[in-house]
Amino acid sequence: MKKTLLLFLFLLFIAVSAQQITVSPAVFQVNESITITASFTSPTCNEMGANPAKVYMHSGIGTEANPWASAKGNWGADDNVGLMTNNGNGTWSITITPSTYFGLTITQQEEATKMGLVFRNANGSQTLKLAPSCSDFFIKVGAFQATLTSPVENSNTIVTSGGSLNITATNTNGVASYSLKSNGVVIDANTSSTSYVFNHTNITGNQSYELSIAQGGTTVVKKFTAVVNPGTVLAAMPTGLVDGINYNTTDVTKATLVLDAPLKDFVYVAGSFNNWAPTSSYAMMKDPASGKFWLELTGLVSGVNNTYQYWVVANSPIANSPSLVKTADPYSTLVLSPFDDPGIPSTSYPNMPIYPAGQEREVTVLKTGQTPYPWQVTNFVKPEKEKLVVYEVLVRDFDASRSYQSLIDKIDYFKNLKINAIELMPVMEFEGNESWGYNTSFHMALDKFYGTSDKLKEFIDLCHQNGIAVILDVALNHAFGRNPMVRMWMNDPDNDGWGSPSAENPYFNTVAKHSYSVGEDFNHQQARTQNYVKRVIKQWIEEYKIDGFRWDLTKGFTQNCTAGDESCTNSLQQDRVDVLKTYADYSWSIDPTHYTIFEHLGSDAEEQLWANYKINESPSKGIMMWGKMTNEYNQLSMGYTTDNNIYRMNSSSRGFTKNRLMGYAESHDEERLMYKNIKYGNSDNAAHDVKNLNIALSRMSAIGAVSLLVPGPKMIWHFGELGWDSSIFTCNNGTVNDESGTIPGDCKLDTKQQPQWTGNWLGNSSRSKIYNDWAKMITMKIVEPIFSGTATLSNTNSLFPNIKITNGALQVTQLKDVLVLANFDVTTQSVATGFPYAGVWYNLMDNTPIVVANVNAPISIPAGEFRIYGNQQALLAIENFEKPSRITLYPNPVSDYFTLNTQVSRVEIYSLTGQFVKSFSGSGKITYEFSVSELNTGLYIVKAIDENNKIQVMKFLKK
């Protein structure tokens, strides 16, 4: 009997794995040694090829319900954990004893019935998975196994009201005990056999089944459901409703849900309000005019979090598509995730709603009677487009706390840099927590990893109080697999609840229509997609008072190209032009001064159509275009004569009528200038070796002069102003896999450290000089009218950029002409000038005068330095840097207390990392002693607020 059992299981295993993997012995106990062999001879679901350099087994063990309960392996790490041995014939093997390999407790060993396997290369960029579905491999553990033969495990059977469901199962290794529950109630029990048959009759309500099969100390649970077709009721939907949640403005006990689900036959709403077991009263009605499903919920309690999903059913789905999909609302504004929420710290998101036990995948949160956020600024006037200096931020990597609170705590850092806009990389609900955010799954929902909705609003409100606009990066070219509009119409051949868009999907292409395929590709010619995008725009402008959007990957908004055709993708596509203009128009219909920024990086002909679009309207429109100039500026910073022409930093060089080019030397997508300075910089002159850290840092102020001051919006990638010198390809373990490595781009998305705070970079004179110099330049750009003018840049490669800026609308008694010079050579040079006219000129960094007799006389500039000359002093620019401090702190260093030279209304103390430490409510008198005796030794930041609500920031050293 045992030999027959072994042969049966082995043949079953071979059929399932299609000989991609084998296990010896085929049947094994959890504490027995086994050898797992993977074959790479077939290309199906194999990204590593027939002869991979290294193979790692990423594995897990657990129950039938969760085979990955105890996982082994560090994805993307070449650390020998799970490293396999090359057999030399296209196969790789590893020998383990599961109980010791996974470090299982006695209880875990008793419960272990299934293992999950995936095979990867060293950095995790390539995998071998199970053909043909390309899903994970699974293997049985133990001699006792159970199989649900009908219906299929985890399946959803659609039945008519009053119908029946036949349930059959078998087990190995002798007699087992069977027990069947439906909706948590045992309906058949104590059947002891090697097989099971039960016919559940007269089914009038939805059933959630659990068949428990026990033998000895092991129990296997098989789950499946039966969903009753309620017979859809046609009923006219009330007017004024939109897709998603519609809160009743007069009755907080009610809310109406609307779902647009073409080609679906019926929909249930399951949620906390019906114990996740919807009856026919929670079957959505169908509006005969629009075809949309809708349902009014009643009996809700104001201020209470409710959670729900839609059960979306097609009676006769197309091949490989599920009949039932359980999904959150596509228009969710807050979702809970069983995958991501456990990794969200309570310090970032206190009192987070609890994910409902027993459910799967994301659920939507619904709460009536919500209190609106009390905005302090309701009439924010945005900085003009020509004067924008945008600071691009990835919240995750800005501070170790990785939260909106971190940004709030460091508002003075932004203010002192003088930037007037902050652009947040995507904060919409994305998959995972450690992400850049471009793998968006719910575009209208705020991702919870960085904090609450109110905390983001607090940050935006604070920015507006300080004259800083807030721009969001939005990834609407695509969505990822958790997106409900992907899942409702998907190919899911392995029935695991995930898949790619099917041919009948009304939102997504089955294959990308451009050469930059990311996630699942939206079809922007579909009316439903356009409606969804407009709802996303409306949500963030109206709910969060967002001042602008940076549209990611706008090249992907066409239907005219194919995945491999870069020439088509990069050329002018009229459908793309038209639909993006439509989105811009919609933004402007809500907010006429809304910023619209496209990351297109395409042909001038197409970008001109957007940059010049409605440019002469009042207020002036025109779409701002991202202008990547990283290579050119990096060649200058490294000190090389080739490919350093910065001519195209100027809007006019691209045919834009007005200054609409948001040019930048660094962005999140490009390598850090300082990293390449140190690694590849010009070292011809030992006295000015660019590979030397401090010398490389000394050249970055000049980069700011020849980039930030060019008229038009400009952008800084966070910590460029402090000379960030770590590669963007730095891995979590500190190693670097940069563009010179064997696998370009690896680790680019990895979380980065924050040495600028822990290492007190602002206290480093070489780094703080960049920060302070750029702050002066940004102040000039924002406050001086000259920088709304036009620029002339020589169209040639040169280590000596020459930028002439003028504003013909100004008088000669004003600052109307500026000349920017720089020397990016590694030796002192006499740099050609070309002053517009002779006379007294001023170095605008300190307002010192020079007399220009010969307008073409060269000026000696040391290596890596710059000069900014103006025909008048930049009074407004200098004032912010030259005025004396109003408040002083003494003694410093501090032993037990310090005093201030004036009365103040409030004093706050922070650590260097921005964490709040202590506060005092006013001094009462000048001699007041602020006690800090309990503080640890170290450097602290003091924020003093005087009676006029003016703030001054100081530092003290605690001895």
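Taking the residues in region 916-948 that are within 30 Å of Asp399 (Cβ to Cβ) and basic (Lys, Arg) as candidates, determine which candidate is modelled with the lowest pLDDT. Step by step, filter region 916-948, then rank; the result is Lys943. Note on region 532-564: residues that are modelled with pLDDT of 95 or more and over 28 Å from Trp375 (Cβ atoms) total 9. Could you tell me whether any residue of region 13-22 is part of a loop (DSSP other than H, G, I, E, B) and either buried (at least 19 other Cβ atoms within 10 Å of the Cβ) or among the aliphatic types (A, V, I, L, M) (or both)? Within region 13-22, one or more residues are part of a loop (DSSP other than H, G, I, E, B) and either buried (at least 19 other Cβ atoms within 10 Å of the Cβ) or among the aliphatic types (A, V, I, L, M) (or both).
Being part of a loop (DSSP other than H, G, I, E, B) and in contact with a Pro (Cβ under 7 Å, 6 or more places away or on another chain) is the filter; apply it to region 636-678 and report the residue that is nearest to Ser794 (Cα to Cα). Among those residues, the one meeting the criterion is Ile646. Please specify each residue of region 529-582 satisfying the condition of being more than 24 Å from Glu606 (Cα to Cα) and either surrounded by 15 or more Cβ atoms within 10 Å (Cβ to Cβ) or β-branched (Val, Ile, Thr) (or both). If the condition is that a residue be more than 24 Å from Glu606 (Cα to Cα) and either surrounded by 15 or more Cβ atoms within 10 Å (Cβ to Cβ) or β-branched (Val, Ile, Thr) (or both), then Tyr532, Arg535, Val536, Lys538, Gln539, Trp540, Ile541, Glu543, Tyr544, Lys545, Ile546, Asp547 are the ones that fit. When Ser39 is tested against (1) farther than 30 Å from Lys223 by Cβ; (2) touching a His at 6+ places or on another chain (Cβ under 6 Å), only condition (2) is not met.
Scanning region 54-85 for residues that are among the polar types (S, T, N, Q) and either within 20 Å of Gln109 (Cα to Cα) or surrounded by 15 or more Cβ atoms within 10 Å (Cβ to Cβ) (or both), we see that the one that is nearest to the chain's Cα centre (by Cα) is Asn74. For region 820-850, residues that are within 25 Å of Val783 (Cα to Cα) and either among the acidic types (Asp, Glu) or touching a His at 6+ places or on another chain (Cβ under 8 Å) (or both) total 1. Filtering region 793-827 to residues that are loosely packed, with under 15 Cβ neighbours inside 10 Å and either under 28 Å from Ile678 (Cβ atoms) or at pLDDT 95 or above (or both) leaves Thr796, Thr827. Of all residues in region 534-551, none satisfies being β-branched (Val, Ile, Thr), without any contact (Cβ under 8 Å) to a residue 24 or more places away in the chain and outside the structural domain of Ser135 (by TED's automatic domain parsing). Among residues that are within 17 Å of Ser150 (Cα to Cα), among the charged types (D, E, K, R) and at pLDDT 95 or above, Lys223 is not included. Mind telling me which of the residues Ser150, Ser177, Ser192 ends up being surrounded by 15 or more Cβ atoms within 10 Å (Cβ to Cβ) and without any contact (Cβ under 8 Å) to a residue 60 or more places away in the chain? Result: Ser177 is the single residue among Ser150, Ser177, Ser192 that is surrounded by 15 or more Cβ atoms within 10 Å (Cβ to Cβ) and without any contact (Cβ under 8 Å) to a residue 60 or more places away in the chain. Within region 641-651, the presence of a residue that is out of contact with any Leu (no Cβ under 9 Å at 6 or more places or on another chain), small (Gly, Ala, Ser) and in contact (Cβ under 8 Å) with a residue 24 or more places away in the chain is excluded.
Within region 190-249, being among the charged types (D, E, K, R) and farther than 30 Å from Arg528 by Cβ holds for Glu210, Lys222, Lys223. When residues of region 428-480 are filtered for being in contact with a strand residue (DSSP E or B) (Cβ under 6 Å, 6 or more places away or on another chain) and not aliphatic (A, V, I, L, M), how many remain? Of the residues in that region, 15 qualify. Of the residues making up region 671-720, those that are surrounded by fewer than 24 Cβ atoms within 10 Å (Cβ to Cβ), among the polar types (S, T, N, Q) and in contact with an Asp or Glu (Cβ under 9 Å, 6 or more places away or on another chain) number 5. Listed by first and then second residue, the pairs linking a residue in region 244-267 that is at pLDDT below 95 to a residue that is among the small types (Gly, Ala, Ser) and crowded, with 18+ Cβ neighbours inside 10 Å, with Cβ atoms under 9 Å apart and 6 or more places separating them unless they lie on different chains, form an empty list.
The values are calculated or read from the model by the stated rules, or taken from the named source; none is laboratory data. Quantities reported herein were computed from a predicted structural model and do not represent experimental measurements. Backbone-built Cβ (ideal geometry, glycine too); neighbour counts: all protein chains shown.
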